[in-house]
Amino acid sequence: MEIYEYIDTREEYSLISRDTPLISNLNMIENIALIKEVHERLSIEKAENIAKEYLEKIGISDIGLNRLNECNSLEIFYVMFIRALMSKEMNVIIVTPFSLISNLRDIQPIIDSIEILNEGKNILIFDNITNKSHYEGSSCPIVK
Amino acid sequence: MIIRFVEGIGYKTVSTLSSFYEALKFTFICLVHMVRPSSYTSAMRMVLTKQIYFTAVTIIPLFVMMAIIFGSIIIGVVIALATQYNLQDSIGSIIITFVIDEFSPFFTALLIALRSGTAINTEIAVMNVNKELNTLREYKIDLIDYLFLPRIISGIISITSLSIIFALIMLSSGYVFTLFYMNMDLHTYKYILINAIEVKDLIILLLKSIAFGFATMLIPIYSGLKTGAAYTAIPISVLNGMVKLFIAIFLIEVLSLLIQSL
């Protein structure tokens, strides 16, 4: 079964994949804040403050006003992850992180940052079996 | 051979009617969202403000300059012709009908279509190809509320307000020409215009501007939305969108002339 076919069988989730890129005409804070502004009808100021707080948690608050082309792939990934956390869905699915972040060798630093950011959501990482070696020794359970 | 020809005609007709129905459905959905208060979220209002700024405010210097140059020349020609054909008695209604009912909304719509219509068509097409529209769908952000409605409303507001500015500039230029051709003083010119203008003229200006504004934004958005998955589809989408938009602008103009002549 293909990854996306499997994802479609799951309940409500927020997706982080190549098919859900950041919006290029918004900066990083606006990309994150947009979800809360629309879903929870928060004011722009409140939603952007929440976005800034999350960026500060992992020490990348300096990229808040940057556009997509001014950030590296790791920063973009973190912003996509924070954006996923902003939605009401309890499941966050990350699809093939090694294709999203260039030159990533070890998944553990990503998992550490996810643990700092996450507040009670289920985080699922979907990857191909060929990337199995990248996950060996990591702190998260692996299900084949 | 004949069967294939007839089948070809049938296929073309069905696909044309089907895409026309799709476009009408899209227009109807946009109109429904426009009157729904829940569409107006803080994010939508922010996009609307930005769109009004980019569509109506940044263009003002260029627009005023074009209004002074083209508007003055055209109103000058109209006044010169009216004088040549001894129509001085009707000069007020000629100026009002030409400037307010016809030229101002039409010229403004053409300028905004060229400037913002192409930009919006490209923007939506690029977002479509880059899968950014898919992102919005995945995160359950209504494309119409967040992306399309602010652009459509900004088009309506921008074309209406710029048409009024254009009409005022043309009427001011009209005074200069009536002064030279008819030795008319400012007081008389104002008196003639006030006597000639009717509520009907203002309603026509308003309705035409709204129709132009709606079409000028809706057609490029729809065209951008229908772009294929490749970057090479973007110029084709813009080209098709612009051709459809210009046909729609001329159609609105012709329809308004027909309705006025009834």
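Some points to look at:
- Condition broken by B:Gly241, with the remaining ones in (1) closer than 25 Å to B:Val64 by Cβ; (2) buried (at least 24 other Cβ atoms within 10 Å of the Cβ) satisfied: (1)
- Evaluation of B:Val126 against (1) assigned to a helix (DSSP H, G or I); (2) open to solvent by less than 40 Å² (accessible area, probe 1.4 Å); (3) within 14 Å of another protein chain (Cβ to nearest Cβ) (one fails), failing number: (2)
- Selection within region A:67-79: residues that are open to solvent by 40 Å² or more (accessible area, probe 1.4 Å) and of a type outside the set (D, E, K, R). The member of this set that is nearest to the other protein chains (Cβ to nearest Cβ) is A:Leu68.
- Residue list for region A:62-86, filter: of a type in the set (Gly, Ala, Ser) and within 11 Å of the chain's Cα centre (by Cα): A:Ala84
- Considering residues of region A:35-54 that are under 15 Å from the mean Cα position of the chain (by Cα) and either at pLDDT below 95 or farther than 18 Å from A:Glu70 by Cβ (or both) only, the residue nearest to the other protein chains (Cβ to nearest Cβ): A:Ile35
- Within region A:16-29, the set of residues being more than 8 Å from chain B (Cβ to nearest Cβ), within 15 Å of the chain's Cα centre (by Cα) and either hydroxyl-bearing (Ser, Thr, Tyr) or in a loop (DSSP other than H, G, I, E, B) (or both) comprises A:Ser17 only.
- Among the residues of region B:138-148, those that are part of a helix (DSSP H, G or I), facing another protein chain (nearest Cβ under 9 Å) and touching a Leu at 6+ places or on another chain (Cβ under 8 Å) comprise B:Glu138, B:Tyr146.
- Which listed residue is part of a helix (DSSP H, G or I), touching a Phe, Trp or Tyr at 6+ places or on another chain (Cβ under 8 Å), more than 9 Å from chain B (Cβ to nearest Cβ) and modelled with pLDDT under 90, from A:Ile7, A:Ile82, A:Ile32: A:Ile7
- Listed by first and then second residue, the pairs linking a residue in region B:231-245 that is more than 14 Å from B:Glu123 (Cα to Cα) and touching a residue at least 24 places away in the same chain (Cβ under 8 Å) to a residue that is among the aliphatic types (A, V, I, L, M) and open to solvent by 20 Å² or more (accessible area, probe 1.4 Å), with Cβ atoms under 8 Å apart and 6 or more places separating them unless they lie on different chains, are B:Lys244/B:Ile219; B:Leu245/B:Ile219.
- Flag for B:Met217 being crowded, with 18+ Cβ neighbours inside 10 Å, at pLDDT 90 or above and under 21 Å from B:Leu31 (Cβ atoms): yes
- Taking first residues from region B:79-108 that are under 20 Å from B:Phe166 (Cβ atoms) and at pLDDT 85 or above and partners that are among the acidic types (Asp, Glu) and open to solvent by less than 60 Å² (accessible area, probe 1.4 Å), the Cβ contacts under 9 Å between residues at least 6 apart in sequence or on separate chains come to B:Ile96/B:Asp201; B:Thr97/B:Asp201; B:Ile100/B:Asp201; B:Asp101/B:Asp201; B:Glu102/B:Glu253; B:Pro105/B:Glu253; B:Phe106/B:Glu253.
- Among (1) within 15 Å of the chain's Cα centre (by Cα); (2) among the small types (Gly, Ala, Ser); (3) more than 14 Å from chain B (Cβ to nearest Cβ), the one test that A:Gly59 misses: (1)
- When B:Phe63, B:Phe5, B:Phe28, B:Phe70 are checked against the criterion of being open to solvent by 20 Å² or more (accessible area, probe 1.4 Å), within 23 Å of the chain's Cα centre (by Cα) and either at pLDDT 90 or above or within 14 Å of another protein chain (Cβ to nearest Cβ) (or both), a single residue qualifies: B:Phe28.
- Index of the failed condition, B:Ala167 passing every other in (1) within 14 Å of chain A (Cβ to nearest Cβ); (2) open to solvent by less than 10 Å² (accessible area, probe 1.4 Å): (1)
- Any hit, region A:119-128, residues being within 20 Å of A:Arg18 (Cβ to Cβ) and exposed (fewer than 14 other Cβ atoms within 10 Å of the Cβ): yes
- Inter-residue pairs, beta-carbon under 6 Å, first within 10 Å of chain A (Cβ to nearest Cβ) and in region B:37-51, second aliphatic (A, V, I, L, M) and open to solvent by 20 Å² or more (accessible area, probe 1.4 Å), 6+ apart: B:Thr41/A:Val38; B:Ser42/A:Ile44; B:Ala43/A:Val38; B:Met46/A:Ile44
- Annotation: A:Ser102 fulfils all but one of (1) free of Cβ contacts under 8 Å to residues at least 12 places away in the same chain; (2) part of a loop (DSSP other than H, G, I, E, B); (3) open to solvent by less than 80 Å² (accessible area, probe 1.4 Å); the unmet one is (1).
- Every residue from region B:191-210 that is farther than 14 Å from B:Thr97 by Cα, at pLDDT 90 or above and open to solvent by 90 Å² or more (accessible area, probe 1.4 Å): B:Leu207
The values are calculated or read from the model by the stated rules, or taken from the named source; none is laboratory data. All values reported here derive from a predicted model rather than from experimental measurement. With ideal geometry, Cβ positions are generated from the backbone for all residues, glycine too; neighbour counts draw on all protein chains shown. In case anyone asks, the SASA skips ligands and DNA or RNA and just uses the protein heavy atoms, side chains included. Shrake-Rupley method; radii C 1.70, N 1.55, O 1.52, S 1.80 Å.
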